[in-house]
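> Supplied in structure tokens, the structure appears directly below.
The values are calculated or read from the model by the stated rules, or taken from the named source; none is laboratory data. None of these values were measured; they are calculated from a predicted model. Cβ placement follows ideal geometry from the backbone for every residue including glycine, while neighbour counts extend to all protein chains displayed. Note: accessible area is taken over every heavy atom of the protein model, side chains too, but ligands, DNA and RNA are not part of it. Shrake-Rupley method; radii C 1.70, N 1.55, O 1.52, S 1.80 Å.
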Amino acid sequence: MKNPIAKAQTYKSKKEEDLLKHMVSTSKSYKIWVAFLLIVILFGIYAYYRQIRYGLIVTAMRDYTSWGIYISNFVFYVAISLVGSLFSCILKLNKNKWADPLARISEIIAVAAIACATVIIIVDMGRPERLVYVFKYLRIQSPIIWDVIIINTYLSISLLLLYVSLLPDIALCRDRLTEIPKWKKRMYRFWSINWVNHPKQFSMLKKASRILALLVLPIAFAIHTITSWLFATTWRPGWDSTNLGPYFVSGAFMAGAGVIIVAMYIIRKQLKLHDYITNAHFDNMGKLLVLLSLVYLYFNINEYLGPSFKMVGVEGEHINELFIGKYAPMYWFVQLGGLVIPILLMFFKMFRKPLPIFIISLFVVIGAWLKRYLIVIPSLQHPYLPIQDVDESYLHYVPTWEEWAITCASFASMLFIITILIKLFPVIPVNEKDTQTEPGTN
Amino acid sequence: MKAEKKLNNNFIFFLCLCSCLFLQASKIHAQEVKSKAELTLSFSEDKDTKTITAFAIDEEGVPIEELDIYFYVKRTFSLLPFGDRFNTTDENGEVSVVFPNDLPGDTAGKVTIVVKIMESDIYDDLTMEIDKNWGLMTEADKADEERSLWAAAANAPLTLVFTTSTMILVTWVIYWYIIVILFKISKIKP
């Protein structure tokens, strides 16, 4: 049965109806999903209250493992935020027209991920009220300051990219969605900034879009390279490597592509967009993911082969811990289940169909998160300069429930932002021909 | 009769208790009240040896015998003791210690010598500080004042400041340019 509110709008084509109808009707499952996310977020806020109240002692972080699961999350969010540049720059400038419908999803994920990265790094601070000192006593020699600057820069460009691509569609929502609450009407009117489908407006928007597309790639490379430098400039086994920048960037593109495939599958299924996100999209994304995974595999071999061949001192202990020690199950799951096996499977067309590649991408994404855990934690447990008679609790790191609750809340926040943005704006460009190629009217 | 005897015993016990408490309180009071001592320092140096002599007298000007005096040199984070483990005044109230010849001072060789009376049963704590040019002259470490990666924020390398500032400026100018384009878009009439 068709939703009467959805039918009451003034659509002018089937495409408009297909791509806008989810914005005017709210299903029960959507409400349950939002409520679930809010509960998880509230629980995380309670855990964070405890962390503020009692200090970082409620976490498992101690003198050795001073960067815990929060920093793993931070690196993961920064990584998947790079997917925005993959679609908005690399695929767009190379005229991969097939990827145009997926650009909006990638931009939404980029905004949500980088927003969560910004928040989780503050959560990691024992005294968050001192954040202002970072800017007040800004010391440009510190890689942490470079990271603070580049995160804000990338967040800004991600918001601009999303807005520039959304602008004609916001105006479309303003014009077509007539039977909606007043606040929504006001919002579309405000954000459509008097867009009237004038050819000159299209031409100017295209210019802005091109400039941003050119600018986003160096910024995207910079954000994850600088994040890798936070580690590479700290003298710890596993981080003392010149390979770390490209290793992080290639891993980020792979994780981002995996997240896009997962998002594509869920959005296509939930919003019934089978005509717009087709099997061909999954096939192409599968090929892209294979390519990105192979590049990442190459950097992985570079990262581990040298130290494991030499097995020098603490570096050797660190490698042993990963290969055959207590982190071995996680390490081999990540390398085999999240990298090698997905590559092998995705070589075959049958595994690039929607459901198989969705499952494979889930493994890639889980592997990507665990990989960040493996990059951060085991290295910290093998300092080059150990403490004498060290407290037993420094030698192990198992996140506390507060850390897990905050982690889950941060993931829920990212999903919440994505859910809300998808609910408020078309997830696939409705008048993509006009904005991407040539001026025209819709 | 028996009850009266018991009462007397209790009274005697109470008096004894009060007397003990009174004596104890007097003793505590007596311990807390200490005399003031005065220290006079004299410095002498010949070719190889630098000597400090401390002369201690009480409030009536009588030399204090067997008083421990502590000698230190002020360093960056704490006081460095010198002299013997215990430096006790003689019957003239004097004690002499030799100042080490190898202690670094500032660029002029200046060091701050600290002399203390501490934890004496009879005399109050006393601290005296005096600057002497008895240290080795040192070159000032100007590493922190030079522009380097490890210097303070104000001394960041100029190339780094220039490069990062340019990159940030160019990027944000472009952002503002995009916002200007959006503003112009909003002004276009149908």
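> Identify all residues within segment A:125-144 that are free of Cβ contacts under 8 Å to residues at least 60 places away in the same chain and not hydrophobic (A, V, I, L, M, F, W, C); write none if there are none. Write out each step before concluding.
Let us first name the residues in segment A:125-144 that are free of Cβ contacts under 8 Å to residues at least 60 places away in the same chain, namely A:125, A:127, A:129-142.
A:Arg127, A:Glu129, A:Arg130, A:Tyr133, A:Lys136, A:Tyr137, A:Arg139, A:Gln141, A:Ser142 - these are the residues of segment A:125-144 that are free of Cβ contacts under 8 Å to residues at least 60 places away in the same chain and not hydrophobic (A, V, I, L, M, F, W, C).
> Now for a separate question. Which of (1) open to solvent by 60 Å² or more (accessible area, probe 1.4 Å); (2) assigned to a loop (DSSP other than H, G, I, E, B); (3) under 23 Å from B:Pro63 (Cβ atoms) is the odd one out, the single condition B:Arg147 does not satisfy?
That leaves (3) as the condition not met.
> Which one of the conditions (1) modelled with pLDDT of 95 or more; (2) buried (at least 19 other Cβ atoms within 10 Å of the Cβ) does A:Ser156 fail to meet, given that it meets all the rest?
For A:Ser156, the exception is condition (2).
> I've got another one for you. If you go through segment A:180-192 one residue at a time, do you hit one that is buried (at least 18 other Cβ atoms within 10 Å of the Cβ), within 14 Å of chain B (Cβ to nearest Cβ) and in contact (Cβ under 8 Å) with a residue 24 or more places away in the chain?
yes
> So, one more: Of these, A:Ile150, A:Ile193, which one is among the β-branched types (Val, Ile, Thr), closer than 30 Å to A:Ile71 by Cβ and out of contact with any Asp or Glu (no Cβ under 9 Å at 6 or more places or on another chain)?
A:Ile150
Matching residues to (1) touching a Phe, Trp or Tyr at 6+ places or on another chain (Cβ under 6 Å); (2) surrounded by fewer than 13 Cβ atoms within 10 Å (Cβ to Cβ); (3) under 30 Å from B:Pro157 (Cβ atoms):
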residue	(1), (2), (3)
B:Thr51	no, no, no
B:Gly61	no, yes, no
B:Glu91	no, yes, no
B:Asp106	no, no, yes
B:Val114	yes, no, no
B:Glu119	no, yes, no
B:Lys132	no, no, no
B:Glu139	no, yes, yes
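> Any idea how many residues of segment B:156-165 are under 18 Å from A:Ile223 (Cα atoms) and either open to solvent by less than 50 Å² (accessible area, probe 1.4 Å) or facing chain A (nearest Cβ under 7 Å) (or both)?
So the answer is 2.
> Right, here's the next one. Select, from A:Phe363, A:Phe347, A:Phe358, the only residue that is farther than 18 Å from A:Val259 by Cα, open to solvent by 10 Å² or more (accessible area, probe 1.4 Å) and at pLDDT 95 or above.
Of A:Phe363, A:Phe347, A:Phe358, the one residue that is farther than 18 Å from A:Val259 by Cα, open to solvent by 10 Å² or more (accessible area, probe 1.4 Å) and at pLDDT 95 or above is A:Phe347.
> Does B:Ala153 satisfy the criteria of being within 29 Å of A:Ser142 (Cα to Cα), open to solvent by less than 50 Å² (accessible area, probe 1.4 Å) and either hydrophobic (A, V, I, L, M, F, W, C) or within 7 Å of another protein chain (Cβ to nearest Cβ) (or both)?
Spelling it out, B:Ala153 is indeed within 29 Å of A:Ser142 (Cα to Cα), open to solvent by less than 50 Å² (accessible area, probe 1.4 Å) and either hydrophobic (A, V, I, L, M, F, W, C) or within 7 Å of another protein chain (Cβ to nearest Cβ) (or both).
> Report the residue count in segment A:119-139 for those that are open to solvent by less than 20 Å² (accessible area, probe 1.4 Å) and either closer than 25 Å to A:Trp235 by Cβ or within 11 Å of chain B (Cβ to nearest Cβ) (or both). Working first, answer last.
Step one: list which residues in segment A:119-139 are open to solvent by less than 20 Å² (accessible area, probe 1.4 Å), which gives A:120, A:123.
Add one more test, that the residue is either closer than 25 Å to A:Trp235 by Cβ or within 11 Å of chain B (Cβ to nearest Cβ) (or both), and what stays is A:120.
The total comes to 1.
> Contact list please: Cβ distance under 8 Å, first residue in segment B:134-146 and farther than 27 Å from B:Tyr72 by Cα, second residue of a type outside the set (A, V, I, L, M, F, W, C), pairs at least six apart or on different chains.
B:Asp144/B:Asn155; B:Glu145/B:Asn155; B:Glu146/B:Asn155
> Consider A:Pro218 against the criteria (1) open to solvent by less than 40 Å² (accessible area, probe 1.4 Å); (2) within 10 Å of chain B (Cβ to nearest Cβ): it satisfies all of them except one. Which criterion is unmet?
Here A:Pro218 clears every test but (1).
> Separate question: Looking at segment A:66-104 only, could you name the residues that are within 25 Å of A:Phe282 (Cβ to Cβ) and either modelled with pLDDT of 95 or more or under 8 Å from the mean Cα position of the chain (by Cα) (or both)?
The answer is A:Phe76, A:Tyr77, A:Ala79, A:Ile80, A:Ser81, A:Leu82, A:Val83.
> Return a yes/no flag: does segment B:57-75 have any residue that is in contact (Cβ under 8 Å) with a residue 24 or more places away in the chain, touching an Asp or Glu at 6+ places or on another chain (Cβ under 7 Å) and acidic (Asp, Glu).
Checked against the condition, which is being in contact (Cβ under 8 Å) with a residue 24 or more places away in the chain, touching an Asp or Glu at 6+ places or on another chain (Cβ under 7 Å) and acidic (Asp, Glu), segment B:57-75 yields at least one hit.
> Any idea which of A:Met264, A:Met254 is crowded, with 21+ Cβ neighbours inside 10 Å, in contact with a Phe, Trp or Tyr (Cβ under 6 Å, 6 or more places away or on another chain) and touching a residue at least 60 places away in the same chain (Cβ under 8 Å)?
The match here is A:Met254.
> May I ask you to list pairs of residues, at least six apart or on different chains, whose Cβ atoms are under 6 Å apart, with the first in segment A:92-111 being under 18 Å from A:Phe416 (Cβ atoms) and the second being among the hydroxyl-bearing types (Ser, Thr, Tyr)?
A:Ala110/A:Ser81; A:Ala110/A:Ser158; A:Val111/A:Ser158
> Looking at (1) open to solvent by 20 Å² or more (accessible area, probe 1.4 Å); (2) at pLDDT 95 or above, which is the one condition that is false for A:Ser410?
So A:Ser410 meets the others, but not (1).
Conditions tested, residue by residue: (1) more than 14 Å from every other protein chain (Cβ to nearest Cβ); (2) assigned to a strand (DSSP E or B); (3) more than 24 Å from B:Glu38 (Cβ to Cβ); (4) more than 22 Å from the chain's Cα centre (by Cα).
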| site | (1), (2), (3), (4) |
| --- | --- |
| B:Asp90 | yes, no, no, yes |
| B:Ser96 | yes, yes, no, yes |
| B:Gly109 | yes, no, yes, no |
| B:Thr127 | yes, yes, no, no |
| B:Asp141 | yes, no, yes, yes |
| B:Met167 | no, no, yes, yes |
| B:Ile179 | no, no, yes, yes |
| B:Leu182 | no, no, yes, yes |
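> Could you tell me which numbered condition A:Leu322 fails, if it satisfies all but one of (1) more than 24 Å from A:Val259 (Cβ to Cβ); (2) among the aliphatic types (A, V, I, L, M); (3) open to solvent by 80 Å² or more (accessible area, probe 1.4 Å)?
(3)
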